[in-house]
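Structure, as structure tokens:
The values are calculated or read from the model by the stated rules, or taken from the named source; none is laboratory data. Here the structure is a predicted model, which means the values were calculated and not measured. Cβ placement follows ideal geometry from the backbone for every residue including glycine, while neighbour counts extend to all protein chains displayed.
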């Protein structure tokens, strides 16, 4: 069974799409690479994502899911979760990995806080991912 | 009718640096996915494919990494031979690239081998596991709306290739 699911972006209490805002701050070529990866992931079986540099995190980020994209010497990390509804994936926070640490250091805590916000208001705190 | 996703991608193509990078990344990502999907369809391990091509398993692992991006034409031709599929490399306008980007599917990513195509042509029915698989597509605007496509049905409506 193939299940292709939509990707959403977390939006903050002011209605800002923080995922798009972060992507737009990145170097143009890196942004293109990240956008292309998301476009592709959204069209392949959700159960196959793990084969393409998508990882379920452990430790203080237990259960969060990182989309890992390497560009030049930067290790980009887009963290999200399967939710708030069944068969949805929502991007929560973005950053980079350096020396086995996620930057910003509070990515995990921020992601969990945002999950709570999205779960409490599934229609108001997420929006369909903006592909570009 | 053009989708929001297509419109967003088309709008972003105005930036030359962006569109060049997007095109390259699309190639890199889809090649990696195609190689892995076709290998798995053949039920080969990475080491099986590597041995077939006289390469190391680690090399196949690199080919299947969407971040790799250094596939050579020689490698691609050898892979096409191994999977018994055709390799098509051509220059296209960006409008066609966008169409390709938003219309990926299992059957396009993992095309049938020549033998599978011959069988399909002779029977007019898709029978391989990949071709008969149900695809659940979630409606982004209403997750409760789920459409199920049967790929075999779609296949039947396609113009099937005529093989010599």
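So how many residues does the stretch A:105-132 have that are in contact with a strand residue (DSSP E or B) (Cβ under 8 Å, 6 or more places away or on another chain), within 17 Å of residue A:86 (Cβ to Cβ) and not in a helix (DSSP H, G or I)?
2
Residues in the stretch A:54-84 that are crowded, with 19+ Cβ neighbours inside 10 Å, within 11 Å of chain B (Cβ to nearest Cβ) and in a loop (DSSP other than H, G, I, E, B): how many?
Total meeting the criteria: 1.
Enumerate the helices (runs of 4 or more DSSP H) found wholly within the stretch B:67-164, keeping only those where 1 or more residues are at pLDDT 70 or above.
B:73-83, B:94-102, B:106-109, B:114-123
Residue check: is residue B:70 on the phi < 0 side of the Ramachandran plot and surrounded by 16 or more Cβ atoms within 10 Å (Cβ to Cβ)?
No, not satisfied.
Is it fair to say residue A:21 is surrounded by fewer than 18 Cβ atoms within 10 Å (Cβ to Cβ), within 14 Å of the chain's Cα centre (by Cα) and either outside any strand (DSSP E or B) or on the phi < 0 side of the Ramachandran plot (or both)?
Judged against the criteria, residue A:21 is a match.
How many residues does the stretch B:1-29 contain that are surrounded by 15 or more Cβ atoms within 10 Å (Cβ to Cβ) and either in contact with a strand residue (DSSP E or B) (Cβ under 7 Å, 6 or more places away or on another chain) or within 7 Å of chain A (Cβ to nearest Cβ) (or both)?
11
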